[in-house]
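Student: Mind looking over this structure? Questions follow.
The values are calculated or read from the model by the stated rules, or taken from the named source; none is laboratory data. Computed from a predicted model, the values in this text were never measured in an experiment. Every residue, glycine among them, receives a Cβ derived from its backbone with ideal geometry; neighbour counts consider all protein chains shown. Quick note on the areas: whole protein, heavy atoms, side chains included, nothing else; ligands and nucleic acids left out. Shrake-Rupley method; radii C 1.70, N 1.55, O 1.52, S 1.80 Å.
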Amino acid sequence: MHYFDYKATKLYGEGVSIERIAKEVGTPVFIYSHKTLVRHYNAFDSAFKDASHIICYSVKANSNLSVLKTFSNLGSGFDIVSGGELKRVIKAGGDPTKVVFSGVGKSEEEIAFAIKKRILLFNVESPQELRLLNKVAVRLKTRARVALRVNPDVDPKTHPYISTGLKQNKFGIETEEAVGEYLYAQKRLKSLDMIGIDCHIGSQITTLKPFVDTLKKIKALTTRLRTLGVDISYVNMGGGLGITYDNEKAPHPSKYGEAVLKATRGLDVTLIFEPGRNLVGNAGILVTKVLYTKKGADKNFIITDAAMNDLPRPSLYDSYHAIKPVTKTRRREITADVVGPICESGDFLARDRELKEVRPGELLSVMSAGAYCFTMSSNYNTRTRAAEVMVKGRNLFVIREREKHEELFKKESMPEKLFKK
Ligand code: LLP
């Protein structure tokens, strides 16, 4: 569900014509709909209205300050994976005491910074990290709250690069080892409060079963730990609920909520969720201009001014993004590869896609580009990153200016000595 629809033949983001945005801001441009973000947050939140819960929006999906502020204004907490993301959250007015810190490779500096900001929980992913966290807390003469990230060994049936809860993945701690770590920490790591269990099994998950299977294991672990004297009061389910890119039937958050609440009934914990894609994925589009069209020996190509540096998901995961014309036409359908200007054959936005013939100068909208697109974009080929715009009702706001070439090499230098003969 989103608010990018046609009025007659023209595509609009809420009440703003996409053509107008392209004219005013240029292309390529990411456009997010404020109303869609709010709707998605509320849908997720209300799925858990009857349970004690905290939503920690996963910043990595889309970390623009205005996106973060939209969620913090709604009461959201945040799931971060770096000190940089924590700084963004604070800058956007987010509440650090509703922040959880995930990731297998937190540095000592990042840990110290997050402790000082009094974040809610560290999602600790290894025994070494646990010991370092305790050491830093001792040094800072304070305490840190911990959830161990357990690896439940459940197959989320998604792309292998975004599966995280299998034995062979680098994430989390295997259950038996985790039990030992809880007990060890409780006895020996005196500056830690072992109060949570964390898991995250993967991303773009479109069935409920993997979540339910995981919760069964987490529920059993919670009971077992309590029997052993570890007072678990938070269970973090991570993120992962998928969206519709093509014709996937992703469960509505309310169905996900029903399944989670059923599986955790009687557990008496505060549930934490780290949704990313589900809140922002369909709330954004990438608008690009057609530069050229050409007929290769085997294929038609549509060459656009957006490339894999702007939208890396198709080349990284072979993922599908619908592509729609910004102005509908009655032209014939063709099958074409939609490609960017980057010098790699892997630079494509879509392959063998059926769409209406387009001409140079016309605009295309790449749909469902709100999650993991801008945040994974790069400057490859010395391309400036796209501008970002938020629409709200009839208004548009530039929330990130297009970069300038000079900014891309501002930090580089040619020291005189290096080039002395
Ligand atoms: N929590 C943790 C610990 C995570 O690692 C992730 C995503 C999330 C929450 C949020 O998951 P979500 O609700 O968005 O599925 N770049 C890939 C996705 C990578 C996901 C990484 N972790 C893509 O474009 O599909």
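Student: Extending each Cα 7 Å along its Cβ direction at residue 317 and residue 268, get the distance between those two points in nm, one decimal.
Tutor: Spacing of the two 7 Å Cα→Cβ label points: 3.9 nm.
Student: Here is a follow-up. Within straight cross-link reach of residue 135, meaning Cα distance under 20 Å, which lysines are found once same-chain residues fewer than 8 apart are removed?
Tutor: Excluding near neighbours in sequence, the set is 106, 116, 117, 187, 190.
Student: Moving to a separate point now. Helix-only mean residue ellipticity at 222 nm, the chain, DSSP H runs n ≥ 4 weighted -39,500 (n - 2.57), per residue, nearest 500. What is it?
Tutor: On the way: 12 runs with 118 residues, N = 421.
It lands at -8000 deg cm²/dmol.
Student: Next up: Tally Lys and Arg at +1 and Asp and Glu at -1 over the other residues with C-beta under 13 Å from the C-beta of residue 312: what net charge comes out? Kindly include the intermediate steps, with their values, before the conclusion.
Tutor: Numbers: positive: 313, 383, 385; negative: 310, 318, 344, 347.
Charge balance near residue 312 sits at -1.
Student: Step through the residues of the range 392-400 one at a time and calculate ³J(HN,Hα) from phi using the Karplus curve (6.51 cos²θ - 1.76 cosθ + 1.60, θ = phi - 60°), rounding each to whole Hz and writing x for Gly and Pro.
Tutor: 9, x, 9, 10, 10, 10, 7, 9, 7
Student: Ok, one more. Using 0.36 nm per residue of separation minus the Cα-Cα distance, give me the extension gain between residue 128 and residue 224 in nm, one decimal. Numbers along the way, then the final one.
Tutor: Values: separation 96, 0.36 × 96 = 34.56 nm, distance 2.34 nm.
Gain in length upon complete extension: 32.2 nm.
Student: Also, quick follow-up: Which value, in Å² rounded to 10, gives the accessible area of residue 409 with a 1.4 Å probe and all protein chains present?
Tutor: About 110 Å², rounded to the nearest 10.
Student: While we're on this one: Report, ordered by chain and residue number, the lysines lying within cross-link reach of residue 420, taken as a straight Cα distance under 30 Å and ignoring same-chain residues fewer than 8 apart.
Tutor: Within reach: 410, 411.
Student: By accessible area of protein heavy atoms, probe 1.4 Å, what ranking do 82, 413, 102 get, highest first?
Tutor: Order by accessible area, largest first: 413, 82, 102.
Student: Can I ask one more? Just list whichever of 141/167; 98/167; 60/324; 69/216; 23/328 have alpha carbons separated by over 28 Å in the model shown. Walk me through the numbers on the way to the answer.
Tutor: Numbers: 141/167 36 Å; 98/167 30 Å; 60/324 26 Å; 69/216 35 Å; 23/328 18 Å.
Beyond 28 Å between Cα atoms: 141/167; 98/167; 69/216.
Student: Right, here's the next one. Counting pairwise Cα distances across the range 34-280, what percent come out greater than 22 angstrom?
Tutor: Numbers: 15348 of 30381 pairs.
The share of Cα pairs beyond 22 Å in the range 34-280 comes to 51 percent.
Student: Looking at 260, 238, 134, which one has the Cα that reaches farthest to the positive end of the dipole of the chain (charges on Cβ: Lys, Arg +1; Asp, Glu -1)?
Tutor: In the chain, that residue is 134.
Student: How large is the dipole of the range 34-280 about the Cα centre if only Lys and Arg carry +1 and Asp and Glu carry -1, each at its Cβ, rounded to the nearest 20 debye?
Tutor: Working: 37 positive and 25 negative charges, 120 e Å.
With only Lys, Arg, Asp and Glu charged at Cβ, the dipole is about 580 debye.
Student: Now a separate question. If I stretch the segment between residue 116 and residue 379 completely, what's the gain in nm (0.36 nm per residue apart, minus their alpha carbon distance), one decimal? Before the final figure, lay out the partial values.
Tutor: Values: separation 263, 0.36 × 263 = 94.68 nm, distance 3.34 nm.
Answer, rounded to one decimal: 91.3 nm.
Student: Same structure, new question: Calculate the FRET efficiency for residue 109 and residue 344 from the Cβ-Cβ distance with a Förster distance of 35 Å, rounded to the nearest 0.05.
Tutor: Working: r = 35 Å, r/R0 = 1.01.
My answer for the efficiency is 0.50.
Student: Considering only protein heavy atoms and a probe of 1.4 Å, how much of the accessible area of the chain is carbon and sulfur, as a whole percent? Can you show the working numbers first?
Tutor: Values: 10020 of 19660 Å².
Carbon and sulfur together cover 51 percent of it.
Student: How big is the antiparallel share of DSSP beta bridges in the chain, given as a percent to the nearest 5?
Tutor: On the way: 35 of 73 bridges.
Beta bridges within the chain, antiparallel portion: roughly 50 percent.
Student: Give me the number: length gained by fully extending residue 332 to residue 252, i.e. 0.36 nm times residue separation minus the C-alpha to C-alpha distance, one decimal in nm.
Tutor: Working: separation 80, 0.36 × 80 = 28.80 nm, distance 3.54 nm.
So the chain would gain 25.3 nm between residue 332 and residue 252.
Student: Right, another one. Using a 10 Å cut-off on Cβ atoms, rank the peptides 285-291, 89-95, 246-252 from the highest mean neighbour count down.
Tutor: Descending mean neighbour count gives 285-291, 89-95, 246-252.
Student: Can you list the HN-Hα couplings for the range 139-148, worked out from phi with the Karplus curve (6.51, -1.76, 1.60; θ = phi - 60°), rounded to whole Hz and with x for Gly and Pro?
Tutor: For the range 139-148, the Karplus-derived couplings read 4, 8, 6, 8, 10, 10, 9, 10, 10, 7 Hz, x marking Gly and Pro.
Student: Taking the Cα centre of the range 168-316 as the origin, how large is its charge dipole in debye, to the nearest 20, when only Lys and Arg (+1) and Asp and Glu (-1) carry charge on their Cβ atoms? Could the numbers behind the result be given before it?
Tutor: Details: 20 positive and 16 negative charges, 50 e Å.
That gives a dipole near 240 debye.
Student: With charges only on Cβ, +1 for K and R and -1 for D and E, what is the dipole size of the range 260-335 about its Cα centre, in debye, rounded to 20?
Tutor: Details: 13 positive and 7 negative charges, 118 e Å.
Roughly 560 debye for the range 260-335.
Student: Can you list the HN-Hα couplings for the range 208-223, worked out from phi with the Karplus curve (6.51, -1.76, 1.60; θ = phi - 60°), rounded to whole Hz and with x for Gly and Pro?
Tutor: Result, ordered by residue: 8, 4, x, 5, 5, 4, 5, 5, 4, 5, 5, 5, 4, 5, 4, 4 Hz.
Student: Antiparallel versus total DSSP beta bridges in the range 34-280: what percent is that, nearest 5? Write out the running numbers ahead of the final one.
Tutor: On the way: 1 of 30 bridges.
Of the beta bridges lying entirely in the range 34-280, close to 5 percent run antiparallel.
Student: Averaged per residue, what accessible surface does the range 40-170 expose to a 1.4 Å probe, in Å²?
Tutor: 42 Å²
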